[in-house]
Amino acid sequence: MTDRTREIIGTGAGILTTSAFIPQVYHIWSRLPEPAEDVSALTFFIVAVGVTGWLTFAVGVKSKSMMISNGITLVLYLSILLYKLIYG
């Protein structure tokens with residue numbers, strides 16, 4: 001498999017997995033300032049740490065598609081955690 005093919009597959013996978021969280025972020029933030037009782041802060045924290053690990057890995061292997069998708073995913077997760085911390 002060529003580097004170009006890997007990046008195309010990585011870009012497609014990154015778009016799909018990252019965009020899957022956008023409706024969740026929208027749903028949570030659109031209820032502002034309702035409490036986010038149905039959101040598990042621990043789950044989102046653990047996944048954010050995992051995504052940080054993937055982002056670090058992506059930087060190490062110099063994969064632009066992984067860096068971009070994991071960077072955006074991390075921002076989405078952190079925005080959910082922020083909402084949970086502010087509004088419970």
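The values are calculated or read from the model by the stated rules, or taken from the named source; none is laboratory data. Quick caveat, the model's predicted, so the values are computed rather than measured. Backbone-built Cβ (ideal geometry, glycine too); neighbour counts: all protein chains shown. Ligands, DNA and RNA are stripped out before the accessible areas are found, and what is left, the full protein with its side chains, is counted by its heavy atoms. Shrake-Rupley method; radii C 1.70, N 1.55, O 1.52, S 1.80 Å.
Across segment 46-60, the number of residues qualifying as open to solvent by 70 Å² or more (accessible area, probe 1.4 Å) and within 11 Å of the chain's Cα centre (by Cα) comes to 2.
Test SER19 against the criterion of being surrounded by 18 or more Cβ atoms within 10 Å (Cβ to Cβ), closer than 30 Å to THR2 by Cβ and modelled with pLDDT under 95, and give yes or no. Judged against the criteria, SER19 is not a match.
Looking only at residues in segment 61-88 that are hydroxyl-bearing (Ser, Thr, Tyr) and surrounded by 17 or more Cβ atoms within 10 Å (Cβ to Cβ), which one is farthest from THR11 (Cα to Cα)? It would help to see each step written out before you state the result.
Step one: of segment 61-88, the residues hydroxyl-bearing (Ser, Thr, Tyr) are 63, 65, 69, 73, 77, 79, 83, 87.
Subset that is surrounded by 17 or more Cβ atoms within 10 Å (Cβ to Cβ): 63, 65, 69, 73, 77, 83.
Working: SER63: 10, SER65: 5, SER69: 8, THR73: 13, TYR77: 19, TYR83: 28 Å.
So the residue we want is TYR83.
Within the span defined as segment 26-40, one or more residues are crowded, with 17+ Cβ neighbours inside 10 Å, modelled with pLDDT under 90 and part of a helix (DSSP H, G or I).
Per the listing SER69, SER79, SER65, the residue uniquely farther than 22 Å from THR5 by Cβ, part of a helix (DSSP H, G or I), touching a helix residue (DSSP H, G or I) at 6+ places or on another chain (Cβ under 7 Å) and among the small types (Gly, Ala, Ser) is SER79. The single condition among (1) in contact with a helix residue (DSSP H, G or I) (Cβ under 9 Å, 6 or more places away or on another chain); (2) in a helix (DSSP H, G or I); (3) of a type outside the set (A, V, I, L, M); (4) modelled with pLDDT under 95 that ARG4 does not satisfy is (1).
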